[in-house]
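I have placed the structure first, in the form of structure tokens, so that the comments after it can refer back to it.
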Amino acid sequence: MADEWSAAELVAHLVMVERAILGSADRVTEKIPKPISFLRRLHFPIWLVESRIIRRKSPIPLDSNLLSAKEEMLGELRTVRERTLAFLQETSNRDLSAYHWPHPFLGMLNGYEWFEMIASHEIRHTKQMREMAAGLPKAVESA
């Protein structure tokens, strides 16, 4: 289909989303957490992110400047993941559940839920990548 992403575009999307979440987490945790009412904290379950039943259009436009060679792109994904893990280590003595900001589809998530969302988001796109690979022609064996 014309509206489906390539493997490179999927990796670029994962990098962009994780960077955006990490940037928001950095900004939000610099401030004193604001109390959020119980009703505002309600959100759709994060497992919905992993489901490939509901298709969503990314609210973050794809940055074509991130498209490059496979190893370079995977290196960028590793770099952003290392930064995410460093953030979690740096904030390990803080309660990230006190910090909230809205997800465009799920609703208001706390800091820990956002990092859980990163994992679910990657699972979702791993499934998508496997679907793409299954549709590729198999290698022809030589006689």
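Out of (1) open to solvent by less than 100 Å² (accessible area, probe 1.4 Å); (2) free of Cβ contacts under 8 Å to residues at least 24 places away in the same chain; (3) within 30 Å of Glu131 (Cα to Cα); (4) touching a helix residue (DSSP H, G or I) at 6+ places or on another chain (Cβ under 7 Å), what's the single condition that is false for Trp114?
(2)
Return only the number of the condition from (1) touching a helix residue (DSSP H, G or I) at 6+ places or on another chain (Cβ under 8 Å); (2) farther than 16 Å from Ser58 by Cβ; (3) open to solvent by 40 Å² or more (accessible area, probe 1.4 Å); (4) in a helix (DSSP H, G or I) that Glu122 does not satisfy.
Just one mismatch for Glu122, condition (2).
If I ask for residues that are within 18 Å of Ser51 (Cβ to Cβ) and open to solvent by 20 Å² or more (accessible area, probe 1.4 Å), which ones from the stretch 85-106 would you list?
His103, Pro104, Phe105
In the stretch 31-52, which residues are under 15 Å from His121 (Cβ atoms) and out of contact with any Asp or Glu (no Cβ under 6 Å at 6 or more places or on another chain)?
His43, Phe44, Pro45, Trp47, Leu48, Val49, Glu50, Ser51, Arg52
I'm told Asn65 meets every condition in (1) closer than 27 Å to Gly107 by Cβ; (2) out of contact with any Ser or Thr (no Cβ under 8 Å at 6 or more places or on another chain); (3) modelled with pLDDT under 95 except one. Can you identify the failing condition by its number?
(1)
Tell me which residues, restricted to the stretch 31-64, are free of Cβ contacts under 8 Å to residues at least 60 places away in the same chain, among the polar types (S, T, N, Q) and closer than 20 Å to Met117 by Cβ.
Scanning the stretch 31-64 gives a single hit, Ser58.
Kindly indicate the residue of the stretch 27-84 that is among the polar types (S, T, N, Q) and in a helix (DSSP H, G or I) and also most open to solvent (accessible area, probe 1.4 Å) among those meeting that condition.
The residue in question is Asn65.
For a quick check of your reading of the model, give me the residue pairs whose first member lies in the stretch 78-101 and is among the β-branched types (Val, Ile, Thr), whose second is open to solvent by 40 Å² or more (accessible area, probe 1.4 Å) and at pLDDT 95 or above, with beta-carbon atoms closer than 7 Å and at least 6 apart or on different chains.
What qualifies is Val80/Arg19.
Does Pro137 fit the bill of being part of a loop (DSSP other than H, G, I, E, B) and farther than 30 Å from Arg40 by Cβ?
yes
The values are calculated or read from the model by the stated rules, or taken from the named source; none is laboratory data. Note that the structure is predicted; figures quoted are calculated from it, not measured. Virtual Cβ from ideal backbone geometry, glycine too; neighbours counted across all protein chains shown. When the accessible area is computed, the model is the full protein with side chains, heavy atoms only, and any ligands, DNA or RNA have been set aside. Shrake-Rupley method; radii C 1.70, N 1.55, O 1.52, S 1.80 Å.
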